[in-house]
Ligand SMILES: [Zn+2]
């Protein structure tokens, strides 16, 4: 069987850094997060994984996600009171929440923007992390330019 993840070496290495093994379950969960980076919830991801691996349980999907978050391959994203979502885009980015469709779109954040944001902090405040969410509507024709709408294989 061919490897499930084109970047499986990197998955193996990253998991090993956290003392974890790259199991077929972890690989498929990671692969599906890379394939459709639309910030699914664990339940949504479970449905996708189950279509490919019918014997997998929701608890296993949660365990896989926990392992992937632990070794920083996947980020947890929380919007207000919604269930936790998962994001495989490790580049600095903001989220745009389309209020019409509920879609969550990654918006690249150039380092210069982040540096600018830091300048808003009063003296003595140090930023470890920043989460930036935009809410609004995205024109359908504008969605072709975003990472979340890409289709086909993910470049290695
Ligand atoms: Zn994201």
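Readers should treat all values here as calculations from the given coordinates under stated rules, not as data from a laboratory. Note that the structure is predicted; figures quoted are calculated from it, not measured. Don't worry about glycine lacking a Cβ; one is built from the backbone with ideal geometry, like all the others, and counts go over all protein chains shown.
What relative contact order, as a whole-number percentage, does the stretch 8-77 give when Cα pairs under 8 Å and 6 or more residues apart are counted? Please list the in-between numbers first.
On the way: 58 pairs, mean separation 26.3, N = 70.
Relative contact order here is 38 percent.
When only C-alpha pairs under 8 Å and at least 6 residues apart count, what is the relative contact order of the chain, in percent? Let's see the in-between values first.
Values: 188 pairs, mean separation 33.9, N = 156.
Once normalised by length, the contact order is 22 percent.
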Rough spin-label spacing in nm, given labels placed 7 Å along Cα→Cβ, for residue 57 and residue 21 = 1.8 nm
Roughly how many nanometres apart are two label points built 7 Å out from the Cα toward the Cβ at residue 135 and residue 13?
-> 4.1 nm
Unit Cα scatterers, Debye sum, the chain: log10 I(q)/I(0) for q = 0.09, 0.15 Å⁻¹ = -0.33, -0.89
Show that you can apply the helix-only estimate: for the chain, add -39,500 (n - 2.57) for every DSSP H stretch of four or more residues, divide by all residues, and state [θ] at 222 nm to the nearest 500.
-> -10500 deg cm²/dmol
Report the full-extension gain for the segment residue 121 to residue 93: residue separation times 0.36 nm, less the Cα-Cα distance, to one decimal in nm.
-> 8.1 nm
